[in-house]
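A short write-up of the structure that comes next.
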Amino acid sequence: MKFLNTILAIFLILILSNCSKDDINPENIFAKIYDDSNSDLSYYPLSIIQSADGGYYILNAVSIDTTRKFLNTDIIRTDQYGELIWKTTLPEPYVSPVEGFIVSGNELHFFCMDRTSLGTYLMKVDDANQSAVVANTFSDIFYPLAASQTPKGNILLLSYDRGSRNSILTKFNNSFAQQWSQKFSVIEDAEAMLTAHMTRSGKILPFFTGTVGNDEAYYVNALYNYSIALLFVDAGSGDRTGLIFGERYDAGISAATNIQGETFAASRFVFNNHYVLPIVNFNLSSIISANDLQGEPVAELDADAHTRIKTITVDNQNLIVYASNTQNNQVLLMFYDLASGEPIKKTYLGATNPVTVADLIQTSDGGIAILTQTTVAGRFKRTALYKIPKEQIIGDD
């Protein structure tokens, strides 16, 4: 593992070395692979969050790919240098962890699923015992798919009810008391498709939830009316106000983040083609097709590319950063000016080992941390973490 990390770090430094005139501390730039001696296991990284001490928590799904069962839940805790402090894989029945860490007070939470009942667990990370424990059980919420936390501390959870064939958006307050739950009819039976998504045996769908402004409205990318659709909902009731519908499950919105009001940064896909829309206006009360949107085509992205979008601030410069996967098995980072949507620069991560993006955050020092999946020796799927300092985000190439 140390050898792999050394090689990965060398390539990261080579990629970014042209901007290294400033002294950069080791906690501000590194690349780590979290290896596992069990060659039968594959890791699917999901989410990352920085801790108060500058370290990181990483949420993974882990499986034996040949079994195609629901994936187990794995947590990694690192220090500020990305060095492993502890790691644990939770026992069954805690499977299919959901992207998105949630902070409540001084406690860190995430959602996962019961392997048998398909109900939902709220888990709390237990640092003292280097594990996670059940904080709450929601036995009537099935197939949890995506979660996020709003600026006011509320929680949004997307799930699927196989009995009624509905996508469900549930809002909790910051104490995890349910505020409302809204149904959106899928009409057709989507269980087989969701099982393939959750076991990584079929098409991976871009499920996510998000907030407009300061809890002014919410949005959710979910199954709806025979397609993947971006739904806009009222914050008080969850009632749908508008939507951007896809073309079945082969075209739609792949990622979106709200900038302010009805202004978003987004990306969309049409079969194997991908487009970025750094500044786009979404009318929250209208109904349109994702195919009606324009955008900048990015031909180098992989057919199955998954995109993450964040807004960041670097030395008082407001930026939008897109992270996605190229046909050359690299992570492409594209930076745009937040006000104008004009491109600033592009950076690639990955060289010897293929990498695909999982998550992206801005760190407390103004840099960014990119969580990825890498393939070691062309076979072993592992979690990898890149840390890029702020000096090399907007510096000259």
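Read the figures in this text as sums done on the coordinates, not as results from a lab. Predicted, not measured: the structure shown is a model, and the values here were computed from it. With ideal geometry, Cβ positions are generated from the backbone for all residues, glycine too; neighbour counts draw on all protein chains shown.
Would you look at the GNM of the chain, springs on alpha carbons closer than 10 Å, and say which of Gly261, Gly238, Gly350 moves the most?
Fluctuation is largest for Gly261.
Sort Arg115, Arg379 so the one with the fewest other Cβ atoms within 10 Å of its own Cβ comes first.
In order of increasing Cβ crowding within 10 Å: Arg379, Arg115.
With 10 Å bins from zero, work out the P(r) of the chain over every alpha carbon pair and list the percent per bin.
Spelled out per bin, shortest first, that is 5, 24, 35, 28, 9, 0.
Which one, Tyr249, Tyr224, Tyr56, has the greatest fluctuation when you compute a Gaussian network model over the chain with C-alpha springs under 10 angstrom?
Greatest mean-square fluctuation among the candidates belongs to Tyr249.
Give the cross-link partners of Lys346 among the aspartates and glutamates, using a straight C-alpha distance below 12 Å as the criterion and excluding same-chain residues fewer than 8 apart.
Within reach: Asp396, Asp397.
Distance cut-off 27 Å, Cα to Cα: go down the list Lys32/Lys390; Lys124/Lys390; Lys69/Lys387; Lys203/Lys345; Lys152/Lys203; Lys32/Lys152 and report the pairs above it.
Lys124/Lys390; Lys69/Lys387; Lys203/Lys345; Lys152/Lys203; Lys32/Lys152
Extension gain Val133-Glu83, at 0.36 nm per residue separation less the Cα-Cα distance, in nm?
15.6 nm
Tell me the trypsin sites (Lys or Arg not before Pro) within region 195-281 that lie in a loop according to DSSP and have at most 12 other beta-carbon atoms within 10 Å.
The qualifying sites are Lys203, Arg248.
I'd like the distance separating the alpha-carbon centroids of region 292-318 and region 167-211, in whole Å.
24 Å
Tell me the net charge near Ala303. Cut-off is 13 Å between Cβ atoms, Ala303 excluded, with +1 for each Lys or Arg and -1 for each Asp or Glu.
Net charge in that neighbourhood comes out at -3.
Just Pro151, Pro354, Pro278 to compare: in a GNM of the chain, with alpha carbon springs under 10 Å, which one fluctuates most?
Pro151
Within a 10 angstrom radius of the beta carbon, how do Asp126, Asp189 rank from fewest other beta carbons to most?
With the sparsest Cβ surroundings first, the list reads Asp189, Asp126.
Could you compute the net charge surrounding Ser51? Neighbours are other residues with a C-beta less than 11 Å from the C-beta of Ser51; K and R count +1, D and E count -1.
Computed value for this residue: -2.
Using a ≥ b ≥ c from the Cα gyration tensor of region 34-131 (square roots of the eigenvalues), is it rounded, prolate or oblate, where a/c under 1.5 gives rounded and otherwise the larger of a/b and b/c decides, a/b for prolate?
Oblate shape, in that a/c is at least 1.5 and b/c is the bigger or equal ratio.
Testing the spin-label approximation: label points 7 Å from Cα along Cα→Cβ at Gln327 and Asp250. State their distance in nm.
Placing both labels 7 Å along Cα→Cβ, they lie 1.9 nm apart.
Among Thr150, Thr372, which comes first, second and so on when ranked by fewest other beta-carbon atoms within 10 Å?
With the fewest neighbours first, Thr150, Thr372 line up as Thr150, Thr372.
In terms of modelled amide H atoms, which long-range or inter-chain residues lie less than 5 Å from the amide H of Ala255?
The list, which skips near neighbours in sequence, is Ser267.
Along the positive direction of the dipole of the chain (beta-carbon charges: Lys, Arg +1; Asp, Glu -1; about the Cα centre), which of Ser63, Pro278, Gly261 reaches farthest?
Ser63
Using helices alone, what [θ] at 222 nm do you get for the chain, with -39,500 (n - 2.57) per DSSP H run of 4 or more residues, divided over all residues and rounded to the nearest 500?
Calculated mean residue ellipticity at 222 nm is -2000 deg cm²/dmol.
Taking the Cα centre of the chain as the origin, how large is its charge dipole in debye, to the nearest 20, when only Lys and Arg (+1) and Asp and Glu (-1) carry charge on their Cβ atoms?
Charge dipole of the chain: 660 debye, to the nearest 20.
With no solvent and one point per C-alpha, what does the Debye sum give as log10 I(q)/I(0) for region 254-372 at q = 0.12, 0.21 Å⁻¹?
-0.43, -1.24
Take the alpha carbon gyration tensor of region 19-90, find the square roots of its eigenvalues, order them as a ≥ b ≥ c, and report rounded if a/c is under 1.5; if not, report prolate when a/b exceeds b/c, else oblate.
Prolate.
List the lysines whose Cα lies under 19 Å from the Cα of Lys183, skipping any in the same chain that are fewer than 8 positions away.
Counting by Cα, and skipping residues close in sequence, Lys183 has these lysines nearby: Lys171.
How much length is gained if the chain between Asn225 and Ser39 is pulled fully straight, taking 0.36 nm per residue apart and subtracting their Cα-Cα distance, in nm to one decimal?
Residue separation times 0.36 nm, minus the Cα-Cα distance, leaves 62.8 nm.
Show the residues, 5+ positions off or on another chain, whose built amide H is closer than 5 Å to the amide H of Gly119.
Asp114
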